[in-house]
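Reading through the structure tokens given below for one structure.
The values are calculated or read from the model by the stated rules, or taken from the named source; none is laboratory data. Owing to the predicted nature of the structure, the values given are computational and were not obtained by experimental measurement. Positions of Cβ are backbone-derived with ideal geometry, glycine not excepted, and every protein chain shown enters the neighbour counts. Side chains are part of the model used for accessible areas, which takes the heavy atoms of the whole protein and leaves out ligands, DNA and RNA. Shrake-Rupley method; radii C 1.70, N 1.55, O 1.52, S 1.80 Å.
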Amino acid sequence: MGVRTWFESWPVYRQLTGTDPLGRGAAAMSRRSAELAPRTEAADSMARSVCPYCAVGCGQRVYVKDGRVTQIEGDPDSPISRGRLCPKGAASKNLVTSRFRQTKVRYRRPYATEWEDLDLDTAMDMIADRVIAARAATWEDVDDEGRPLNRTLGFSGLGGATLDNEENYLIKKLFTALGAIQIENQARI
Amino acid sequence: MAECHPVGFQWAMAAKERGAKIFHVDPRFTRTSALASTYVPIRAGTDIAFLGGVINYILSNELDFREYVLAYTNAATIVSEDFRDTEDLDGLFSGYDPDTGVYDPVTWQYQGHEPQAAARDTVIERETASPLQHESHGPGVSWRVDRDETLRHPRCVYQILKRHFARYTPEVVEQACGIPREKFDEVCRAWTENSGRDRTTALVYSVGWTQHSVGAQYIRTGAIIQLLLGNIGRPGGGVLALRGHASIQGSTDIPTLFNLLPGYLPMPVAQLHPTYSDWVTSICHPKQKGFWHHAPAYCASLLKAYWGEAATPDNDFCYGYMPRLTGDHGIYKQVFDMIDGKIKGYFLMGQNPAVGSMNGRAQRLGMANLDWLVVRDLFEIESATWWKNSVEVETGEIVPTECRTEVFFIPAASHVEKEGTFTQTQRLLQWREKALDPPGDARSDLWFFYHLGRIVRQKLAGSTLPRDRAILDLAWDYPTHGPHDEPSADAVLREINGYDVKTGLTLRTFGQLRDDGSTVGGCWIYCGVYADGVNQAARRRPGGEQNYVAPEWGWAWPDNRRILYNRASADPQGRPWSERKAYVWWDGKKGCWDGYDQPDFEKTKPPSYRPGPDAEGVEAIAGDDPFIMLGDGKGWLYASSGLLDGPMPTHYEPPESLVRNPLYGQQANPVRKVYDRPENITHPSPPEPHVGVYPYVFTIARLTEHHTAGGMSRYVEHLAELQPEMFFEVSPELAAERGLTHLDWGHVVTARGVVEGRVLVTDRLTPLPVADRVVHQIWLPYHWGPNGWSRGDSANDLGGMVLDPNVLIQEGKCGTCDVRPGRRPQGRELVTYLNDYRRRAGILESHHTPIITTDTAAESYRQGRPDK
Ligand code: SF4
């Protein structure tokens, strides 16, 4: 590096002589900071999404690199949010990458004081058995006057306002076909 | 709005910059108040008194938008001469039956009308929250009505309304709500001056409004004002609900609710709908105007979507498979049934009732008495861990080694790890692309329920039991993809949209659904979201590249309309009310409706069209009937059917109140639903004695930085850091009265529970002079529980379950309480502490407030009921 280059790389010199008298832009840049690029540029892919918190429906752009979410930003194209996100929407990268996230099935045996591990397929099989048994034990064909009931009050479900329409559709369809009428969500609460 | 829907609030701010005035009415001064033009404090639970005062101001000064009101509302319609108002009956309407606690609405009808047969069975209607189905359409009313266009007939709706609200004077508003006269006048003047041909005013509420024993009537009161001022169906107007979860609108449209099927079709009730034709007839209201007339097509197409090839016209599309309701199967009833050991299994999908539901203790005790519980969530929320770290474990009411509930925690995929649509608060469907696969065992709910159904079907295959036919014949063959066999959300959305069975082509609009089994349609109001084989909800044409309505961003139901009933944005002749407020209009040259939005009207029906005398359904809608889903085509200032607690809103005190109803002898909603259970005690309320044991009012709401029961925020570092601890707010006056110190500990007590937190002494809360006393209100956020980064007591442990009769939603936003300095007692001492309060209040065992409190209750019942 020549003396001149060295001198010109000195931020104070650039601040005094350049276009950035306040030293908050170009003058303050180092070689390292000049080479930095936003994570959004280095991403392998970007998905157009929607904030999962409240019902305003702010647009999100979800950036992924090496199989991890590296950034979630407001979508400037959205006529609803025009690129903005509130504290919750802005924290949603933190939500999906939180170290508190539980990614393993947990199982609590009756009368147990701790969780155990359980294989997902086994869990699904056990749950299916329990649904079938609860249904069989509580099935009601008709009421006192012989009118059809076709139902079970043996199990119930709660939730849906944080889910997708397609998910709610399948839940209601499956519950109805099983005769399970007790299904509710946040809208009642 | 600034607190809970911050990015939506940017539009309110944009309007303010352009000169709009913003009024914020709230028990507590919030960040919204700080940015509003005027903040109006209010006593929690008195919104009908306040808005009723506005209606009185409009009517007594004749400030309504007369041309709109005459043409588009039922103001001129004549009501039965048997109708008696709350004016005459001390707070009750005619038809009240004290034995069943519901009304017979026969006297509320329009002159010469009979109520729909089913509507007579108001006991079942209340138990099944049947008015909820009116979210998409009005209840049954014939369109042939007697009218007085001069609005002078003493029994026309306009005059009835005027008399009903005459006693809601500014003095009463001041007395009931604690709103100073000048502020009230300012609201009235601004609202009326800013409405009319050239201007419109929007009414925005957050859904805390629904959490009252008169919640549906709150919204009715707002709707009456907006109709009187001509603010419905017009740009800048409306009654806008800010809903609290990403897709809570979607989960009501495609309901995970006990009493509804997709598109607000009712679940069959055993007593009312034993056959397919009973069910369909109850929905399509023969002899009415409107699109509800096509209900047979919506019903048949739904059953085709459910049972595919098995569903044929000959077997009534497998209607026989449908399970039937017999009464209240809502969540509160379920919780008590769990406590009583009647329910064996429970699925929780992204919901945390241990923290988020009213009366947390009852919720947790219920879960502790199940055989099995499946929790699907991102985090180990409190509803998955109550068996090891809840208040009841502390008090010994739940002993882990004695609790038999088997708990499965199945991790869920996040919103970026699956694709699908949310329906946001503006009825807008937006498709989310998937960014990456979920980690570990985490799966979408689409995966979970699809595979659960698949496994159950496999296990039952070959069964000859009649009860298994419905599940074995179910159309359940969705294509799957990827390493985990993820079902295709796209295929499900196509089914929701509907298609022609023969060609497989998706339908464009619900008008194409058929009642003969030739179409499949999973949710008729969503028909069109997959029009022309294109996922319309995935459209993302940038906002800057289209008009301000932005019709090509996502898709709104029905038929991509952004403002409902927008025919009302034009005058009866089809011309915009003013240039400034032009939205849709009749283009005489082209012979069709045109505008910035999709007209909410038959495209080529001219304003001059009049139906013949025998017309029904869509044909009966006149060219100047904007309310195309209502039986008479008009906006309802007076609801002759559809609401169980009266044709007009009436101020009732909350079931737990400190003061006597200043307007009528009838204290609280006489049709409210109560559960008389030891876990669900209601405090004494006037005219009962011992009101002073719980001498303050509490109200509960959210913070910007947290989300509902905290399941998506207390586990997120940034948000937990922004709001690290449970606290509650009191006024300096109350702090002085109770010896509370800013930032020290304090606790709030009710008969249901006790909650501790840091005390925030702030003038954001104002003591309100009400009647002959001062009412102090305490405000608590409800996001906390024992798990996550940021922990604390759950404010919803304080509340009880007394429900609105129309929709079975609880009075969650106001109750009475005591407040004390210091931390709450722990363990067994906590139980003793609560019992001590209850003993002093005389409610140790079980208590709900008296239903009828008029002196003349029995007498008025006799007077109001016509001879039969
Ligand atoms: S960013 Fe905030 S305002 Fe927007 S949807 Fe999310 S939570 Fe709601």
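What ranking of B:73, B:506 comes out by heavy-atom accessible area, probe 1.4 Å, highest first?
B:506, B:73
Go through the range A:127-139 residue by residue and turn each phi into a ³J(HN,Hα) via Karplus (6.51, -1.76, 1.60, θ = phi - 60°); whole Hz please, and just put x for glycine and proline.
With the stated coefficients, the range A:127-139 comes to 5, 4, 4, 5, 4, 4, 5, 4, 5, 4, 6, 10, 5 Hz.
With +1 on each Lys and Arg Cβ and -1 on each Asp and Glu Cβ, how big is the dipole of the range B:1-146 about its Cα centre, in debye rounded to the nearest 20?
Here the size comes out at about 1060 debye.
If you average the C-alpha positions of the range B:700-741 and of the range B:564-616 separately, how far apart do those two centres end up, in angstrom?
49 Å
Partner chain Cβ atoms within 10 Å, averaged over the residues of B:828-841 - can you pull that number for me?
Average per residue, whole number: 0.
Please give the solvent-accessible surface of residue A:46 in Å², to the nearest 10, using a probe radius of 1.4 Å with every protein chain present.
70 Å²
In Å², nearest 100, what accessible area do chains B and A bury in total when the solvent probe is 1.4 Å?
Buried: approximately 12300 Å² between A and B.
Considering protein heavy atoms only and a 1.4 Å probe radius, which residues within the range B:785-812 exhibit an accessible-area decrease of no less than 50 Å² in the full assembly relative to the chain by itself?
Buried on complex formation: B:789.
Please give the solvent-accessible surface of residue B:472 in Å², to the nearest 10, using a probe radius of 1.4 Å with every protein chain present.
40 Å²
How big is the charge dipole of the range A:39-96 about its Cα centre, in debye rounded to the nearest 20, if each Lys and Arg gets +1 on its Cβ and each Asp and Glu gets -1 on its Cβ?
180 debye
Can you check what the net charge comes to around residue B:297, using other residues whose Cβ is under 10 Å from the Cβ of residue B:297 (Lys, Arg +1; Asp, Glu -1)?
-1
Please give the per residue accessible area of the range A:83-181, computed with a probe of 1.4 Å over protein heavy atoms only, in Å².
Value for the range A:83-181: 34 Å² per residue.
So which residues of the range B:528-549 lose at least 50 Å² of accessible area, probe 1.4 Å, when you go from the chain by itself to every protein chain present?
Correct list: B:540.
Tell me which of B:699, B:311, B:488 sits at the most positive position along the dipole axis of chain B, charges placed on C-beta atoms (Lys, Arg +1; Asp, Glu -1).
B:488
DSSP beta bridges in chain B, what fraction antiparallel, as a percent rounded to 5?
Roughly 60 percent of the DSSP beta bridges within chain B come out antiparallel.
Send over a whole-number figure in Å² for the accessible area per residue of chain B, probe 1.4 Å.
Solvent-accessible surface per residue comes out at 32 Å².
Any chance you could get the radius of gyration and Dmax over the Cα atoms of chain B, in Å?
When restricted to the Cα atoms of chain B, Rg and Dmax are 26.8, 80 Å.
Mind grabbing the accessible area of residue A:29 for me, 1.4 Å probe, Å², rounded to tens?
That residue has around 90 Å² of solvent-accessible surface.
Threshold 20 Å², probe 1.4 Å: give the residues of the range B:682-723, in number order, that are less accessible with all protein chains present than with their chain alone.
Correct list: B:704, B:707, B:712, B:715, B:716, B:717, B:718, B:719.
Which residue, A:97, A:160, A:174, has the largest displacement toward the positive end of the dipole of chain A when charges sit on each Cβ (Lys, Arg +1; Asp, Glu -1)?
A:97
Protein chains only, probe 1.4 Å: how do A:88, B:590, B:502, B:459 rank by accessible area, largest first?
B:502, B:590, B:459, A:88
Which longest run of chain B has no exposed loop site in it, a site being GluC sites (Glu not before Pro) in a DSSP loop with at most 13 other beta carbons within 10 Å, and the site itself not part of the run?
For GluC sites (Glu not before Pro) (loop position, at most 13 other Cβ atoms within 10 Å), the longest site-free span of chain B is B:150-578.
Please report, in debye to the nearest 20, how large the charge dipole of the range B:187-336 is about its Cα centre when each Lys and Arg carries +1 at its beta carbon and each Asp and Glu carries -1 there.
Computed about the Cα centre, the dipole is about 600 debye.
Among residues other than residue B:336 whose Cβ falls under 13 Å from its Cβ, what is the net charge (Lys/Arg +1, Asp/Glu -1)?
Overall, the nearby charge balance is 0.
Given the pairs B:418/B:502; B:21/B:162; A:173/B:304; A:93/B:418; B:418/B:459, which are separated by over 19 angstrom at their Cα positions?
B:418/B:502; B:21/B:162; B:418/B:459, as the Cα separations exceed 19 Å there.
Could you point to the residue in B:122, B:846, B:807 farthest towards the positive end of chain B's charge dipole, with +1 and -1 charges on the Cβ of Lys/Arg and Asp/Glu respectively?
The listed residue farthest towards the positive side: B:807.
On the accessible surface of chain B, probed at 1.4 Å, how many percent belong to carbon and sulfur atoms?
51 percent
Could you tell me whether the protein assembly as shown comes out rounded, prolate or oblate from its Cα gyration tensor? Rule is a ≥ b ≥ c as square roots of the eigenvalues, rounded for a/c under 1.5, then prolate if a/b exceeds b/c, otherwise oblate.
rounded
Could you sort B:730, A:12 by accessible area so the largest value comes first, with the probe set to 1.4 Å?
I get A:12, B:730, largest accessible area first.
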